[in-house]
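Below is one structure, written out as structure tokens, with a few remarks after it.
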Amino acid sequence: MTHHNASRRLFLRHAGAMASLLGPAVAPFALNLSAMGSAAAQAAPDYKALVCLFLFGGNDAFNMVLPTDAASWTNYSTVRNQAPDSIALLAPGTPPNSGAAAGAPARLGGVLPILPANPQGRSFALHPVMGSLQQLFNNDKRLAIVPNVGPLVMPTTKAQYGQSSHPKPASLFSHNDQQNTWQAMAPEGATRGWGGRMGDLLASMNARPVFTSVSAAGNAVWLAGDSVKQYQVGTSGAIRMGTDSNGRVFGSADVGTAMQRIVGATRGGHVFERDLAALNQRAIDAELALRTALKPASDGLFGTAPASGGYNANNDPKLQYDNPLTGAKAFNPLAQQLQMVARMIDASGAGGVQARRQVFFVSMGGFDTHDNQNRNHADLMARLAHALAYFDTALGAMGARNLVTTFTASDFGRTFTSNGDGTDHGWGAHHFVMGGAVRGGDLYGSFPVLGAKNPNNNNFDASPNQVGNGALLPQTSVDQLGATLGRWFGNLSDGQLLDLFPNLANFNQRNLGFMNAS
């Protein structure tokens, strides 16, 4: 298949000088030993990066992007205004009530109107804490919305959903299985993700393929390919193997040198021993390259230098968001992950990195909002909006906005109905795509009809897009979303995309149109 051909070219290209870095893949141990890279616009004008921002737990997209036309708003408000704790947000223009309970819709005020170029005869808004994304959508045109996305085998109507003979994704509504399906097009147990497999196809563009597939958020199957293996960095920088920043162990440079020599050498011919030694040496070399290439987090492109003392990310104003529950500034870990990605994108102009195609993974958890949704989801939305706006600003300072595309993903959406103070597992959900190459300020895909529930069984009979408890039946597949990103990221051919996304063959529309051609 195509990706195997790309892997063969990659091997032949680097079999000489890079031989010591090309040890066969060795599973998760590699994740904790390696560092990664990215590419600067100055070094590679045709550089591109794709960033997956995964929302673990299943985001309630019903309260993130909302239709506000009269019919939709009436059904939304009726269904979600359920005792004992209404999760219905308030209409546009409603002033916030500072005396209301923290996280309560009344304290947040009304949802924020957005103005899609093609509004589909309706009106729309964002969650009240997403003012920065309202700006990116309405004015800057660097944010697009893809409504009602989810895993699909083929286009599926509501009638077909009820037929056991109609093909549907395996293990719907299961966290682990749907996280894997979004990332790897198969339920739990899949070992290769479509981000990593894109890396397989494009790694030959990178002088050092070790810097192709990068996570700032731990292990992610989305990053795993056939020949390209994912690598992790910490939010403060490259991960070292045992030594401190001066190459010492227990204060001794001699011990540090000996440790690195031992872990990169073999005493026998066992294949596992050779593989492990090669992996260790690759990690050491990659960390050294990044250690010398990365600008400090306090650099003005990414952070704020302290007036005195050492840099502390928790105190960096750029990494702090307005907490809607307290009204105070608070540290945003997601922004710090994206800070690390921005530093790596900037760093790859250095000779030790030299990458022209990168896939990155960042994430935030807490989206399994079965309970206490008003407080929890408001805080999550505030952190998400701040982190995306921070990343857009950093990329702008670097002159790299047109080179980087960020998209959100999640296990699934939530139920339209409330369970009293939260939501349960759903299916389809709305997602953001952000970047300078994005045709922002519009919706790409048909926005679903929100119905009124049937009081007998919670089915939404009047909506063609809602199934049990109002969960969304996706109208756009993850395959279509990924294929659209793949065309921009690597100019991938129809054949390559069909190899990456086997279900894509079942869909007539294979380019959703939210990316500018390049």
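Each reported figure results from applying straightforward, stated rules to the coordinates on display, with no laboratory input. Remember, it's a predicted structure, so these values are computed and weren't measured experimentally. Positions of Cβ are generated from backbone atoms using ideal geometry, with glycine treated the same way; all protein chains shown enter the neighbour counts.
Observations on the structure shown:
- Taking a ≥ b ≥ c as the square roots of the eigenvalues of the Cα gyration tensor, an a/c ratio of 1.5 or more together with a/b no larger than b/c marks the range 299-419 as oblate.
- Packing, taken as the mean count of other beta carbons within 10 Å per residue, orders the peptides 150-160, 97-107 from highest to lowest as 150-160, 97-107.
- Cα gyration tensor shape for the range 304-359, rounded if a/c is under 1.5, else prolate or oblate: oblate
- Share of Cα-Cα pairs in the range 178-327 lying beyond 23 Å, as whole percent: 56 percent
- Here's the picture: charge each Lys and Arg Cβ at +1 and each Asp and Glu Cβ at -1 in the chain, and of GLY366, VAL214, LEU108 the one pushed furthest to the positive end of that dipole is VAL214.
- With coordinates expressed along the principal axes, the C-alpha atoms belonging to the range 129-264 extend over 71, 43, 31 Å, beginning with the largest.
- Options GLY436, LEU485, LEU497, ranked by Cα towards positive dipole end of the range 429-518, top entry (Cβ charges): GLY436
- Between ALA397 and ASP461, the simple spin-label model (points 7 angstrom out along Cα→Cβ) gives 5.8 nm.
- Longest to shortest principal axis, alpha-carbon extents of the range 387-518, angstrom: 55, 37, 22
- Coupling constants for the range 193-205 follow from the phi torsions by the Karplus curve (6.51 cos²θ - 1.76 cosθ + 1.60, θ = phi - 60°), and in residue order they are x, 6, x, x, 6, 5, x, 3, 5, 10, 5, 5, 7 Hz; glycine and proline get x.
- Multiplying the residue separation of SER165 and SER493 by 0.36 nm and removing their Cα-Cα distance gives an extension gain of 114.9 nm.
- For the chain, the longest principal axis of the Cα atoms and the long axis of helix 253-263 meet at an angle of about 80 degrees.
- Added length on full extension, which subtracts the Cα-Cα distance from 0.36 nm per residue, THR266 to ALA83: 59.3 nm
- Inter-probe distance in nm under a simple model that places probes 7 Å from Cα toward Cβ, at ASN219 and ALA305: 4.1 nm
- Over the chain: helical MRE at 222 nm, DSSP H runs n ≥ 4 each giving -39500 (n - 2.57), nearest 500: -9000 deg cm²/dmol
- C-alpha long axis of helix 333-347 to longest principal axis of the chain, angle in °: 50 degrees
- FRET E, pair GLU273, SER252, Förster distance 25 Å, beta-carbon r, rounded to 0.05: 0.45
- A cut-off of 5 Å between modelled amide H atoms, ignoring neighbours fewer than 5 places along the same chain, links VAL404 with ALA49, GLY436, ALA437.
- Cβ-Cβ FRET estimate between PHE507 and ASN312, R0 fixed at 56 Å, reported to 0.05: 0.70
- In sequence order, the range 352-366 has phi-based couplings of x, 10, 6, 10, 10, 9, 9, 10, 10, 10, 10, 7, 9, x, x Hz under the Karplus curve 6.51 cos²θ - 1.76 cosθ + 1.60, θ = phi - 60°, and Gly or Pro positions carry x.
- Residues with amide H under 5 Å from that of ASN148, placed H, sequence gap 5 or more: ALA429, HIS430, HIS431
- Using alpha-carbon coordinates, inclination of helix 271-293 to the longest axis of the chain, degrees: 80 degrees
- Net dipole in debye of the chain [+1 Lys, Arg Cβ; -1 Asp, Glu Cβ; about Cα centre; nearest 20]: 1040 debye
- Which label in (i) 155; (ii) 172; (iii) 196 gives the computed volume of the Cα convex hull per residue in Å³: (i)
- Estimated FRET transfer efficiency when R0 is 56 angstrom, pair ASN454-ASP46 (beta carbons, to 0.05): 0.55
- Sequentially through the range 217-229, phi angles give Karplus couplings (6.51, -1.76, 1.60; θ = phi - 60°) of 9, x, 5, 8, 4, 4, 8, 8, x, 7, 9, 7, 10 Hz, Gly and Pro residues having no value and appearing as x.
- Selected from GLY269, VAL153, ALA91, residue furthest toward positive end of dipole (the chain; charges at beta carbon): GLY269
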